[in-house]
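Working notes for the structure below.
Each reported figure results from applying straightforward, stated rules to the coordinates on display, with no laboratory input. Note that the structure is predicted; figures quoted are calculated from it, not measured. We place every Cβ from the backbone using ideal geometry, glycine too, and count neighbours over all the protein chains shown.
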Amino acid sequence: MVVTPHGHAFMIDTGGTSQGTYDIGTKVDVPYLLHYGVRKLDFIMLTHAHEDHAGGVGGILQKIPVGTVLIGHEGVANYRRTFGESPAVRRESMTVLQEGTEMTLDGVRIQILYAPAENKTGSNTGNEFSNLIRVSYGQHSFLFTGDLSKEHEAILVQRGTPLASTVLKVGHHGSDTSSSEAFLRAVKPKWSVISVGYGNSFGHPREEIISRLHRCTGSEILRTDEQGAVVFATDGEKLRVNTQIVYDDKR
Ligand SMILES: [Zn+2]
């Protein structure tokens, strides 16, 4: 979630569970938005259609107004499958994010640095379609990678895409299919945030990625499985970070 200086708000990915077994949209996302006084979203921007990134959209659409849902090149049907079948989902229009698009909201700059339109593996959905989104304000910037893979990272490094960012959302939950050395050196983050489920069955994050982050970036590493919600606040110059764990014993 990003909140701008005058209270506009948007989300980049929503979280979700792999089989859609837990409604993160209504049980986590919406209460969290309301906690910050956010009663509507200008838009939700998605890196790709997998449940763990887009699974919360259905629940959010049922509870609060959303301007528009911005998606990758995976086809609307793949997204609808992830969002579920509620009337709110069926009513919602979606717009495909185009690479090179830029917008500014209250001085917050949003850049779509990458939006792959085709996939060499032949599949029409998945990590290979991850969009790369950069949000910046003043001197600070945040890079949202989704599950962008090393092959795509290499394309971006080779193109010389300006990747340098203050904060990196580490690709694919700290899996070794992402976070190549060259990519990490190009981003040069001061903070690396790994969004990862506590005790997940994938073995994320990989030990090797943690040591690569230390070696290639020297950044401070924050993990949502250990620190809970990671919140950054900036006036464009100073940057403050807070972490908090909220226990939900009803889960
Ligand atoms: Zn993922």
A chain fully extended from Thr243 to Arg39 at 0.36 nm per residue, minus the present Cα-Cα distance, gains in nm 71.2 nm
Cα principal axis extents for region 135-229, largest first, Å
36, 30, 22
Below 8 Å, C-alpha to C-alpha, sequence gap of six or more: please give me the relative contact order for the chain in percent.
12
Search the structure for amide H atoms under 5 Å from the amide H of Phe43, placed 1.01 Å from N in the peptide plane, and list their residues when 5 or more places away or on another chain.
Met11, Gly67, Thr68
Over the chain, the sum of -39500 (n - 2.57) across DSSP H runs of at least four, divided by residue number and rounded to 500 deg cm²/dmol, gives at 222 nm -6000 deg cm²/dmol
For region 74-80, in residue order, the Karplus 3J(HN,Hα) values (coefficients 6.51, -1.76, 1.60; θ = phi - 60°; whole Hz; Gly and Pro = x) are 10, x, 4, 4, 4, 5, 4
Label-point separation, Ser93 to Asp176 (7 Å along Cα→Cβ), nm
4.7
For the chain, alpha-carbon Rg and Dmax in angstrom
17.0, 49
Which residues' amide hydrogens lie under 5 Å from the amide hydrogen of Ser179, considering only partners 5 or more residues apart or on another chain, with H built in the peptide plane?
Gly171
Could you give the length gained by full extension between Glu208 and Glu118, i.e. 0.36 nm per residue of separation minus their alpha carbon distance, to one decimal place?
29.4 nm
Show the residues, 5+ positions off or on another chain, whose built amide H is closer than 5 Å to the amide H of Ser141.
Thr166, Val167
Give the Kirkwood hydrodynamic radius (Å, one decimal) of region 1-98, defined as one over the mean of 1/r across all pairs of different Cα atoms.
13.1
Among Arg134, Arg81, Arg223: highest mean-square fluctuation, GNM of the chain, C-alpha pairs under 10 Å:
Arg81
Cα convex hull of region 192-246 - mean projected area over all directions, nm²:
4.5
Inter-part distance where region 55-71 and region 166-237 are each reduced to a Cα centre, Å:
26
Thr125, Thr68, Thr14 arranged by Cβ crowding within 10 Å, fewest neighbours leading
Thr68, Thr125, Thr14
Where nothing but the Cβ of Lys and Arg (+1) and of Asp and Glu (-1) is charged, how large is the charge dipole of the chain around its Cα centre, in debye to the nearest 20?
340
Longest segment of the chain lacking GluC sites (Glu not before Pro) that sit in a DSSP loop with at most 13 other Cβ atoms within 10 Å
119-236
